[in-house]
Amino acid sequence: MEEQHNALPENAQRELLPGEEYKPLLGPEKSWAEVTPYSVAIGILMVVIFSAAAAYLGLRVGQVFEAAIPIAIIAVGLTSALGKKEGLGQNVIIQSIGGCSGAVVAGAIFTLPAIYILGVEVNFMQMFLSSLLGGVLGILFLIPFRKYFVKEMHGKYPFPEATATTQILVSGEGGKGAGTLLVSGLIGGLYDFLVSTFGTWSDTISTTVLGIGRVVADKAKVLLKINTSAAVLGLGYIIGLKYAFVICCGSLLVWLVIIPLMNIFWGGQVIDLMHTGVTMTIGEMAPDQIFKDYARHIGIGGIATAGIIGIIKSFGVIKSAVGLAVREFKGPGNNVIPSEAKNLRTDEDIPMKTIVFGIVIALLAIFAFFALGGVVNNIWQAVVGLLIVGVISFLFTTVAANAIAIVGTNPVSGMTLMTLIIASLILVAVGLKGNAGMAAALIIGGVVCTALSVAGSFITDLKIGYWIGSTPKKQEGWKFIGVAVAAATVCGVMLVLNKTYGFVGDQALVAPQANAMAAVIQPMMNGGGAPWLLYGIGAVIAILLTIFKVPALAFALGMFIPIDLNLPLLVGGAISWYVSTRSKDKKVNDERQNKGTLIASGFIAGGALMGVVSALLKFFDVDWFMAGWNSAYGEAIAIVPFVALIVYMIVAAMRVKDSSLRSE
């Protein structure tokens, strides 16, 4: 009889006590079905389908969705319908391979379409190699840090997306929370579908809903907004109050202090820090535009600096990984795994020697691509491009993993923007300017962007595998196949879309991130500048936060991510704190906390699925959106269903009674 895995262990999401050990659902003492012809075939099929869908939607309607959760739901459904035995381990592999789609898509469409936008020619092989080599590098750079992020930091990071995906996989295996997950998924999905497809109520509530709020926003540039999405509320619950509060503090600093102060001191001035042709004064801009054009760059500087500080702090981890590699090269018997854990299946990584060889081969391939693939003009410029890719990808890999572990959001666009600026400055210095320089900088940026995007996504997969008990070595090996298939699919779709719609003109594809990259890089390659003052302010803030022992990366993410996506995190975190502290009985609090996590995971899953459906409807020109109604009444009405959602979350999670310790 097949063993049933009802729920994650009680200590899956908290810090372990001294001497306590985490035991995954699939015990390391047994070999479980993981990599099978079925799981590999379905995983690759998911990569093709979701890479194509994500690329179409991201470029056509400007919506990039994360594929991990929909793929997990499909995997569970298929495995159950086909009656597969030992489906849990196989579903992890399907999700891990399939999850390459969203990561590679983000890496490609954030940068490569900018080449078309700037009128520079590029061929399929250049785009494919940019995505492929970046993805491979991201995987290779992350593997040595797997144990640190998923095991040594167990319980210290919330891993919101990994939590939601794991709950889906476990509940689909016959878990006791399957009913709760299904009901909350239906509620969250229906809620978000009504908002995004019909515009029944607004997806954002702002202070401008009141007359005085509009005056304050116009005159003082003070504006607050909150996203009403069920998925974002669920994300906040899983992140928890601590990190949500720090993130919101960063956001509130920008929106309540920095933006109003910019209006007070420079309201009558036109400030064109990047020489992009800005003609409006600060005072003429709306708070949103001031954030987008100026204040957001403070967040980018903060993220970069917090990342560098984090790298310095984790020097011991980096040194340990390098030391393990050196010891392995000295002779046999020196494995990446500690001696007491060598025989544990759940601790098996790809050998460090293989990783080092892989990194060397990948870097040589990148050098050959730059030198011989028409990216740069000479060998010296290829060396410079390689150094930019190698150094920035390695350093920012841990930043991407850290960000995903904290908020489930990878600030890859901010880090890529920083990479493009640095690359442009260096390439101009070595004589590569104009169209050739722009193409080179964007391809280099594409490699880095994909590396960071894949690394961030992969740490989620590895955490899921750690909780469930998958073999890391198998996840790592098959991830390369997923990246290759995703890269080919994305680049093929991009070529078709360029020929069908184009990236410039009246009917052009939206491609918002790529347009932003193009707007930055063009003046840089023609003698323009970068907003170093704003980056510097962000850097100073990150350093001060570190001195006062405040999580600088979480704070900087708050400065970078729009406030409407940050405030609901605080609401969700507050709900998490409330339901887990009402009883004097710790077991009751833990039960309520866990039930709330299931509800939050359902909100995220339902919202993700309906987001895809809604975007597909838009792609096929199915327009059911009630624009007039939404514009007139949307914000005022939105308050009622959003409060109802909050009340439902609290009441449902609190249905664990002190007397029974059982959830209804």
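The values are calculated or read from the model by the stated rules, or taken from the named source; none is laboratory data. Since the structure is predicted, the reported quantities are computational estimates derived from the model, not experimental observations. When we count neighbours, we look across all protein chains shown, and the Cβ atoms used for this are built from the backbone with ideal geometry, even at glycine.
Failed condition for residue 659, given (1) assigned to a loop (DSSP other than H, G, I, E, B); (2) at pLDDT 85 or above, with all others met?
Here residue 659 meets the rest and fails (2).
Let me confirm something: among 471, 450, which residue is hydroxyl-bearing (Ser, Thr, Tyr), crowded, with 24+ Cβ neighbours inside 10 Å, within 30 Å of residue 159 (Cα to Cα) and under 23 Å from the mean Cα position of the chain (by Cα)?
450
Taking the criterion of being buried (at least 20 other Cβ atoms within 10 Å of the Cβ) and either in a helix (DSSP H, G or I) or more than 25 Å from the chain's Cα centre (by Cα) (or both), would at least one residue in the range 151-159 satisfy it?
No, the conditions are met nowhere in the range 151-159.
Against the condition closer than 25 Å to residue 561 by Cα, over 19 Å from the mean Cα position of the chain (by Cα) and assigned to a helix (DSSP H, G or I), how does residue 193 come out, does it pass?
Yes.
Here is a yes/no grid of residues against (1) at pLDDT below 85; (2) assigned to a loop (DSSP other than H, G, I, E, B); (3) closer than 26 Å to residue 406 by Cα:
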residue	(1), (2), (3)
251	no, no, yes
254	no, no, yes
272	yes, yes, no
290	no, no, no
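Can you tell me how many residues within the range 281-301 are among the acidic types (Asp, Glu) and touching a residue at least 24 places away in the same chain (Cβ under 8 Å)?
Adding up the residues that qualify gives 1.
Within the range 79-88, does at least one residue satisfy the condition of being closer than 26 Å to residue 593 by Cα, at pLDDT below 90 and of a type in the set (D, E, K, R)?
There is no residue in the range 79-88 that is closer than 26 Å to residue 593 by Cα, at pLDDT below 90 and of a type in the set (D, E, K, R).
Looking for something modelled with pLDDT of 90 or more, part of a helix (DSSP H, G or I) and polar (S, T, N, Q) - is there at least one such residue anywhere in the range 467-486?
yes
Go through 128, 145 for me and flag whichever is touching a Cys at 6+ places or on another chain (Cβ under 6 Å), part of a helix (DSSP H, G or I) and not polar (S, T, N, Q).
When all the criteria are applied, what remains is 128.
When you go through (1) within 22 Å of residue 369 (Cβ to Cβ); (2) assigned to a helix (DSSP H, G or I); (3) at pLDDT below 80 one by one for residue 59, which number turns out not to apply?
Among (1) within 22 Å of residue 369 (Cβ to Cβ); (2) assigned to a helix (DSSP H, G or I); (3) at pLDDT below 80, residue 59 violates only (1).
Which of the residues belonging to the range 426-440 are in a loop (DSSP other than H, G, I, E, B) and farther than 11 Å from residue 381 by Cβ?
Listed by number, the list holds a single entry, 433.
From (1) under 20 Å from residue 296 (Cβ atoms); (2) buried (at least 20 other Cβ atoms within 10 Å of the Cβ), pick out the condition that doesn't hold for residue 257.
With (1) under 20 Å from residue 296 (Cβ atoms); (2) buried (at least 20 other Cβ atoms within 10 Å of the Cβ) applied to residue 257, the lone miss is (2).
Can you name every residue in the range 579-590 that is under 18 Å from residue 180 (Cβ atoms) and either without any contact (Cβ under 8 Å) to a residue 40 or more places away in the chain or in contact with a helix residue (DSSP H, G or I) (Cβ under 9 Å, 6 or more places away or on another chain) (or both)?
Listed by number, the residues that qualify are 579, 580, 589.
Can you find a residue that is more than 28 Å from residue 153 (Cβ to Cβ), surrounded by 23 or more Cβ atoms within 10 Å (Cβ to Cβ) and either of a type outside the set (D, E, K, R) or at pLDDT 90 or above (or both) anywhere in the range 425-436?
Yes, that holds for at least one residue.
Which residues, taken from the range 181-202, are crowded, with 19+ Cβ neighbours inside 10 Å and of a type in the set (Phe, Trp, Tyr)?
Correct list: 191, 193, 201.
Can you find a residue that is out of contact with any strand residue (DSSP E or B) (no Cβ under 6 Å at 6 or more places or on another chain), surrounded by 24 or more Cβ atoms within 10 Å (Cβ to Cβ) and in contact (Cβ under 8 Å) with a residue 40 or more places away in the chain anywhere in the range 351-361?
no
Hey, among 10, 15, 66, which residue is at pLDDT below 85, surrounded by fewer than 14 Cβ atoms within 10 Å (Cβ to Cβ) and under 27 Å from residue 152 (Cα atoms)?
10 is the lone residue from the list that is at pLDDT below 85, surrounded by fewer than 14 Cβ atoms within 10 Å (Cβ to Cβ) and under 27 Å from residue 152 (Cα atoms).
Scan (1) over 30 Å from residue 440 (Cα atoms); (2) buried (at least 24 other Cβ atoms within 10 Å of the Cβ); (3) among the small types (Gly, Ala, Ser) for the single condition residue 54 breaks and write down its number.
(1)
Being among the β-branched types (Val, Ile, Thr), at pLDDT 80 or above, more than 20 Å from the chain's Cα centre (by Cα) and under 29 Å from residue 163 (Cβ atoms) narrows it down to one of 309, 239, so name that one.
It is 309.
Pairs needed: first member in the range 630-657, over 18 Å from residue 606 (Cα atoms); second member anywhere, of a type in the set (Phe, Trp, Tyr); C-beta distance under 6 Å; at least 6 residues apart or different chains.
Pairs found: 634/201; 637/201; 638/201.
If the requirement is being in contact with a Leu (Cβ under 9 Å, 6 or more places away or on another chain) and aromatic (Phe, Trp, Tyr), which of these qualifies: 478, 467?
Criteria check complete, one pass: 467.
Taking the residues in the range 209-231 that are in contact with a Gly (Cβ under 9 Å, 6 or more places away or on another chain) and within 30 Å of residue 602 (Cα to Cα) as candidates, determine which candidate is surrounded by the most Cβ atoms within 10 Å (Cβ to Cβ).
230
Being in a helix (DSSP H, G or I), touching a residue at least 40 places away in the same chain (Cβ under 8 Å) and more than 29 Å from residue 151 (Cα to Cα) narrows it down to one of 462, 495, 452, so name that one.
After ruling out the rest, the residue left standing is 495.
Let me confirm something: among 205, 247, which residue is in a strand (DSSP E or B), surrounded by 20 or more Cβ atoms within 10 Å (Cβ to Cβ), among the aliphatic types (A, V, I, L, M) and at pLDDT 90 or above?
205
From the list 303, 366, 337, which residue is in contact with a Leu (Cβ under 8 Å, 6 or more places away or on another chain), assigned to a loop (DSSP other than H, G, I, E, B) and either at pLDDT below 90 or not hydroxyl-bearing (Ser, Thr, Tyr) (or both)?
337
Select from the range 526-572 the residues that are among the aromatic types (Phe, Trp, Tyr) and in a helix (DSSP H, G or I) and write down the one among them that is modelled with the lowest pLDDT.
Among residues in the range 526-572 that are among the aromatic types (Phe, Trp, Tyr) and in a helix (DSSP H, G or I), the one modelled with the lowest pLDDT is 532.
Quick one: in the range 576-609, of everything that is modelled with pLDDT of 85 or more, of a type in the set (A, V, I, L, M, F, W, C) and surrounded by fewer than 23 Cβ atoms within 10 Å (Cβ to Cβ), which residue is farthest from residue 71 (Cα to Cα)?
Top of the filtered list is 588.
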